[in-house]
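Q: Quick one: the structure is below, and I'll ask about it shortly.
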Amino acid sequence: MSLNQKRRVFLKGSLAAGTLGAAAGLLTPGAVLAAWNKNAFTSKNIDEAIAGVVGDPVTTPSKDITIKAPDIAENGAVVPVSVSTNMDGVESITLLVEKNASPLAAVFHLPKGSLPDVSTRVKMGKTSDVIAVVKANGKLFSARKGVKVTIGGCGG
């Protein structure tokens with residue numbers, strides 16, 4: 001096989017692989033967007049956001065939910081938050097930031113038997129409570145933790 005023939009085979013294979021990859025990339029976002037809960041993520045208050053995710057905004061405060069977040073966040077654009085619980089039958093963990101324009105930050109749906117322990121980074125526009133809502137055995141439980149957001153470490 002000559003060098004030109006090898007080059008043609010390589011280019012044809014690359015073109016086919018690129019086309020297949022592009023087609024797969026075009027199909028995948030549709031599946032992801034179909035799962036996006038627009039009403040919940042665009043709601044403007046806590047109760048609407050919770051109702052948009054789990055259908056009922058009424059929660060019971062629980063000491064069985066642990067929220068780990070800094071007391072003071074010097075950069076509100078990337079605030080690390082972890083939520084864990086020792087409750088049985090956890091179906092989902094919803095994370096909200098009370099004073100954000102759109103309070104819903106994340107929703108984690110947990111398959112049966114999963115360890116109810118999630119971590120992410122959230123954006124916080126100003127000092128606010130971070131709220132975790134845990135759905136376990138069909139009931140809603142919540143916990144709060146205040147996080148002070150500073151601007152450049154100078155207070156806020």
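Rule-based calculations on the coordinates, nothing more; no lab input. A quick note: this is a predicted structure, and the numbers were derived from the prediction, not measured. Heads up, the Cβs are rebuilt from the backbone with ideal geometry, glycines too, and the neighbour counts pull from every protein chain shown.
Q: What size of dipole, in debye to the nearest 20, comes out for the stretch 67-116 about its Cα centre when the only charges are +1 on Lys and Arg C-beta atoms and -1 on Asp and Glu C-beta atoms?
A: With only Lys, Arg, Asp and Glu charged at Cβ, the dipole is about 100 debye.
Q: I've got another one for you. Which loop-located trypsin sites (Lys or Arg not before Pro) does the stretch 63-156 contain, where loop means any DSSP state but H, G, I, E or B and the Cβ has at most 11 other Cβ atoms within 10 Å?
A: When the trypsin sites (Lys or Arg not before Pro) of the stretch 63-156 are filtered for loop state and at most 11 Cβ neighbours within 10 Å, Lys63, Lys112 remain.
Q: Under 5 Å between amide H atoms, partner at least 5 residues away or on a different chain: which partners does Ala105 have, H built in plane at 1.01 Å?
A: Leu95, Leu96, Val97
Q: So if R0 is 25 Å, what FRET efficiency would Lys63 and Asp88 give, r being the distance between their Cβ atoms, rounded to the nearest 0.05?
A: Efficiency, from the Cβ-Cβ distance: 0.95.
Q: Return the long-range amide H neighbours of Leu140 (sequence gap of 5 or more, or a different chain), with a cut-off of under 5 Å between placed amide H atoms.
A: Amide H neighbours of Leu140, under 5 Å, 5+ apart: Thr60.
Q: Just to check I understand the Karplus step: with θ = phi - 60° and J = 6.51 cos²θ - 1.76 cosθ + 1.60, what whole-Hz values come out for the stretch 42-48, glycine and proline as x?
A: 9, 5, 9, 9, 4, 4, 5
Q: Another question, if that's okay. If only Cα atoms are counted, what is the Rg of the stretch 38-149, and what is its Dmax, in Å?
A: According to the Cα coordinates of the stretch 38-149, Rg and Dmax are 13.0, 37 Å.
Q: Could you pull out every one of the lysines with an alpha carbon less than 28 Å from that of Lys126, ignoring same-chain neighbours closer than 8 positions?
A: Within the straight-line cut-off, Lys126 pairs with Lys38, Lys44, Lys63, Lys68, Lys99, Lys135, Lys145, Lys148.
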